[in-house]
Amino acid sequence: MSKICELVTTIRDKINEYPLKDFLLKRGENFSKLCSAMDTIEDTEEAIVEYLENSEAEVSIGGMYLRVYGLLQAIYVQQDSFRSLCSALDYNMIDFNKNELREARNNMVGHPTSRPYGINRPMTSNTILFEYKFGDVSQKEKTYHLLELIRQYRTQVTDFFQNIEEHLSHLID
């Protein structure tokens, strides 16, 4: 079990203890939203772990795109699930919109054709190179190193869960 799944289990155990569970249930739909968010975080975590454990495996070009697209989409959904979890707990959310991993997902998977510049995407399974072209005058390259970005993201998520744990202990004071 990954560290993130362990942290979700810890939070799940805490919200199912009296008196916190009663407090959360009285808030109506928030308890269901909270449980659904934790389930989705665990599900997407399985996809992320699968990528990390097999990132060096040989695959076809199509398989490589499927793995990277799936990874980035799983992270995007996981981030949205964190947003739902925070909403259900009235907790201030970390801002994933300024996250480089989210930027990579939006450029490559989310909205690549709506960018105001041409994108050339040579990539390997752990690095995505975007070549931004603005007209004929300037050219800018940006490389995303997925394994490093994922490492940073997972550190951020671990810190987030520790803060949530502390928030839960003060929620019914």
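The numbers here are math on the coordinates, done by the rules we state, and not lab data. All of these numbers come straight from a predicted model, not from anything done at the bench. Cβ: placed from backbone, ideal geometry, glycine included. Neighbour counts: every protein chain shown.
Observations, loosely collected:
- Failed condition for K33, given (1) within 15 Å of I164 (Cβ to Cβ); (2) not in a helix (DSSP H, G or I): (2)
- Residue ID - nearest to R151 (Cα to Cα), chosen from residues in the stretch 86-95 that are crowded, with 16+ Cβ neighbours inside 10 Å and aliphatic (A, V, I, L, M): I94
- Only one entry of R83, R12, R27, R67 meets the criterion of being surrounded by 13 or more Cβ atoms within 10 Å (Cβ to Cβ), among the basic types (K, R) and assigned to a loop (DSSP other than H, G, I, E, B), and that entry is R27.
- Single residue of the stretch 30-64 satisfying the filter (of a type in the set (G, A, S) and within 18 Å of T158 (Cα to Cα)) that is surrounded by the most Cβ atoms within 10 Å (Cβ to Cβ): A37
- Every listed requirement among (1) in contact with a helix residue (DSSP H, G or I) (Cβ under 8 Å, 6 or more places away or on another chain); (2) surrounded by fewer than 15 Cβ atoms within 10 Å (Cβ to Cβ); (3) in contact (Cβ under 8 Å) with a residue 24 or more places away in the chain is met by I75 save one, (2).
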